[in-house]
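Undergrad: Take this structure, written in structure tokens, and hold onto it; I'll ask about it next.
Readers should treat all values here as calculations from the given coordinates under stated rules, not as data from a laboratory. From a predicted model like this one, the values you see are computed outputs, not experimental measurements. Counting neighbours? That spans all protein chains shown, and the Cβs are built from the backbone with ideal geometry, glycine included.
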């Protein structure tokens with residue numbers, strides 16, 4: 001539940017979040033784009049499957065782990081959006097052999 | 001591989017001033033910053049913010065631009081979106097393992113530096129309470145960062161909870177931006193103000209006093225503030241939907257779409273700890289901090305700390321400590337003699353003394369209550385491995401009587417955040433179960449890499465003869 005202040009002056013950057021186009025802004029982190037799109041959760045934990053979302057937004061807590069352009073477990077708060085970026089929320093522990101930790 | 005005189009890790013007020021000072025004395029400096037632009041958390045995005053109404057962020061925020069300008073002109077090398085995930089002492093210099101902020105996308109390889117200036121700042125104090133892992137519960141720093149970097153503000157029903165200067169600053173910024181805050185739940189226990197008053201004379205001369213009172217008054221005019229909240233719960237199915245809170249044993253539940261929590265900040269000590277720097281428990285701030293002298297020199301030769309990583313003292317103190325550490329490094333590297341160091345240091349020492357006025361009052365007033373510091377029950381203490389307070393306490397009773405043993409027994413601190421979110425709480429629970437003081441605990445053992453890295457990043461790390469000798473190779 002976040003809203004953009006009017007007249008920010010930042011350019012639009014279109015990304016795909018779980019397959020749906022979303023207009024983020026230049027300078028947004030992936031986490032900011034996710035929250036701006038109305039989503040609070042970025043993943044389900046590998047331990048219990050509990051939903052988690054951005055918490056600290058400064059790279060400390062690792063709760064906003066998300067798949068970016070096919071690479072899983074990226075800190076959404078530490079990566080800036082780029083045009084055409086594919087952002088996919090994660091569900092629990094990934095199957096073995098799907099990419100980097 | 002080129003070797004710089006000083007590697008500065010972090011580009012908040014301490015790192016920026018340190019790098020600017022070091023280069024002004026003829027040292028070569030490289031600044032490694034995990035963020036995309038300089039400023040640290042306090043001045044986050046100060047050169048890039050899309051917020052078009054400067055008054056929303058407050059005058060203190062824009063001061064950051066006064067630090068970035070001379071830094072940019074200083075000639076110091078600046079590497080944004082870059083993480084230092086390892087450091088090792090070599091014969092001539094420290095080798096740093098460095099990567100782009102996005103694992104696997106850019107291997108920065110290794111850098112070498114004759115001295116290290118750790119200015120990694122603070123992290124928000126993670127205080128577990130039931131429901132604190134639900135999506136929609138976020139830290140005050142997180143919400144402030146969204147405003148600064150992306151001009152995003154909370155919408156819907158917003159509840160703030162906790163205590164401390166950051167809570168009020170964020171409440172003021174959000175209110176100024178037109179956000180309707182449903183409640184501010186302040187967790188200062190009854191009687192605490194009277195206790196803190198013995199430090200009040202120092203605070204009367206604090207530069208924070210007038211500004212702080214002004215913020216608090218402005219928020220109180222617009223928002224319902226509940227005092228002496230002793231217990232807190234976030235509730236919801238898959239995301240936060242309400243907050244329950246208790247005052248004097250009486251519970252109230254209010255709907256909430258976003259819960260913003262703040263209980264102050266603690267030093268971000270992982271890098272100095274992994275470098276072998278001694279840590280000590282600061283009882284006034286309930287947190288570990290590096291053992292350091294008045295210049296920021298640690299127990300490890302060539303490793304200096306400046307800013308809030310050296311103990312929480314705020315942004316003004318960070319500037320002074322950054323300058324002092326840079327002067328000490330210039331002296332250690334033979335660039336200036338001790339007399340010149342001392343002469344150059346005098347204004348910074350005075351500025352530091354001024355900035356520290358009133359800190360003890362703030363520490364005493366805003367120290368979280370024991371109930372918040374030492375939780376019980378099924379509340380997750382370690383967010384990554386989902387270790388509950390009860391599980392941690394039980395492990396201590398079963399014989400895990402050190403932080404290290406507690407980690408081995410429960411995985412508390414073994415997840416991707418590597419204990420940043422649970423270290424302070426683990427220490428409190430351990431001390432509580434042992435009936436000991438946190439100051440009596442052996443500090444945590446922190447090891448590189450400082451964040452999860454790919455095998456490709458590890459492979460880029462230069463191997464050394466002594467390390468290779470440790471490996472038994474099959475025929």
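Undergrad: If neighbour count is taken as other Cβ atoms inside 10 Å, put B:277, A:77, B:417 in order from fewest to most.
TA: Ascending Cβ contact count within 10 Å gives the list B:277, B:417, A:77.
Undergrad: Sticking with this structure for a sec: What whole-number distance in Å separates the alpha-carbon centres of region A:28-49 and region B:295-326?
TA: 35
Undergrad: Let me ask another. If I take R0 = 35 Å and measure r between the Cβ atoms of residue A:93 and residue B:222 in this structure, what FRET efficiency does the formula 1/(1 + (r/R0)^6) give, to the nearest 0.05? Provide the component values of the computation, followed by the final result.
TA: Working: r = 45 Å, r/R0 = 1.28.
Efficiency, from the Cβ-Cβ distance: 0.20.
Undergrad: OK, next. So if each residue of separation counts as 0.36 nm, and I subtract the Cα-Cα distance between residue B:63 and residue B:442, what length gain in nm does that give?
TA: Details: separation 379, 0.36 × 379 = 136.44 nm, distance 3.93 nm.
Taking 0.36 nm per residue and subtracting the Cα distance, the gain is 132.5 nm.
Undergrad: Based on alpha-carbon centroids, what's the gap between region B:22-83 and region B:384-454 in Å, whole number please?
TA: Result: 34 Å between the Cα centres.
Undergrad: Among B:176-183, A:7-14, B:363-370, how do they line up by average Cβ neighbours within 10 Å per residue, starting with the highest?
TA: Details: B:176-183: 17.5, A:7-14: 13.5, B:363-370: 19.4.
Highest to lowest by the protection proxy: B:363-370, B:176-183, A:7-14.
Undergrad: Relative contact order of region A:12-91, please, whole-number percent, based on alpha carbon pairs below 8 angstrom and at least 6 residues apart. Write down the numbers at each step before the final one.
TA: Details: 176 pairs, mean separation 30.7, N = 80.
It rounds to 38 percent for region A:12-91.
Undergrad: Continuing with the same structure: Let me know the mean shielding of A:44-52 by other chains, meaning the per-residue number of their Cβ atoms within 10 Å of its Cβ.
TA: Values: counts 1, 7, 5, 9, 3, 0, 7, 8, 5.
Mean shielding by partner chains, rounded to a whole number: 5.
Undergrad: By count of other Cβ within 10 Å, fewest leading, how are B:385, A:80 ordered?
TA: Working: B:385 22, A:80 19.
Going from least to most buried by this count: A:80, B:385.
Undergrad: I need the shape label for region B:380-428. Rule: rounded when a/c is under 1.5, else prolate if a/b > b/c, else oblate, with a, b, c from the alpha carbon gyration tensor.
TA: Working: a/c = 1.68, a/b = 1.51, b/c = 1.12.
It is prolate, given that a/c is not under 1.5 and a/b is the larger ratio.
Undergrad: Could you work out the relative contact order of chain B? I mean the mean sequence separation of Cα pairs under 8 Å and 6+ apart, divided by the number of residues, in percent.
TA: Normalised by residue count, the contact order of chain B is 18 percent.
Undergrad: Now for a different question. How large are Rg and Dmax for region A:12-91 when only the alpha carbon atoms are used, in Å?
TA: Cα radius of gyration and Dmax of region A:12-91 are 11.3, 37 Å respectively.
Undergrad: Averaged over peptide B:142-149, how many Cβ atoms belonging to another chain are found within 10 Å of each residue's Cβ?
TA: Per-residue shielding by partner chains comes out at 6.
Undergrad: With n ≥ 4 as the cut-off for DSSP H runs, can you work out [θ] at 222 nm for chain B, using -39500 (n - 2.57) per run divided by the number of residues, rounded to the nearest 500?
TA: Numbers: 18 runs with 167 residues, N = 475.
The helix contribution divided over chain B gives -10000 deg cm²/dmol.
Undergrad: Using the C-alpha gyration tensor of chain B, what are the square roots of 5 times its eigenvalues, in whole angstrom, with the largest one first? Numbers along the way, then the final one.
TA: Details: eigenvalues 248, 158, 95 Å².
Over the Cα atoms of chain B, the ellipsoid semi-axes are 35, 28, 22 Å.
Undergrad: Calculate the mean, over all residues of peptide A:32-42, of how many other protein chain Cβ atoms lie within 10 angstrom of the residue's Cβ. Display every interim value, and only then the final one.
TA: Working: counts 6, 2, 0, 10, 4, 0, 1, 2, 11, 5, 1.
Per residue, the average neighbour count from other chains is 4.
Undergrad: Would you mind ranking B:120, B:298 so that the residue whose beta carbon has the fewest other beta carbons within 10 Å leads the list?
TA: Listed from fewest to most nearby Cβ atoms, that is B:298, B:120.
Undergrad: Something else: Taking the alpha-carbon centroid of each part, what is the distance from region B:198-224 to region B:360-378 in angstrom?
TA: Distance between centres, Cα-based: 20 Å.
Undergrad: In nm, to one decimal, how far is the residue B:414 label point from the residue A:12 one, both placed 7 Å along Cα→Cβ?
TA: In this crude spin-label approximation the distance works out to 4.9 nm.
Undergrad: By the gyration tensor of its Cα atoms, with a ≥ b ≥ c the square roots of the eigenvalues, what is the shape of the protein assembly as shown: rounded for a/c under 1.5, prolate for a/b over b/c, or oblate? Spell out each step's value before the answer.
TA: Working: a/c = 1.24, a/b = 1.14, b/c = 1.10.
The shape class here is rounded.
Undergrad: List the extent of the Cα atoms of region B:124-283 along each of their three principal axes, largest first, rounded to whole Å.
TA: 43, 39, 37
Undergrad: Gain in length, residue B:197 to residue B:230, computed as 0.36 nm per residue apart minus the alpha-carbon separation, to one decimal in nm? All intermediate terms of the calculation are to be shown ahead of the outcome.
TA: Working: separation 33, 0.36 × 33 = 11.88 nm, distance 2.08 nm.
Here the segment from residue B:197 to residue B:230 would lengthen by 9.8 nm.
Undergrad: For region B:126-263, what relative contact order do you get, as a whole percent, if you take Cα pairs closer than 8 Å and at least 6 residues apart? Write out the running numbers ahead of the final one.
TA: Details: 244 pairs, mean separation 52.8, N = 138.
Contact order relative to length: 38 percent.
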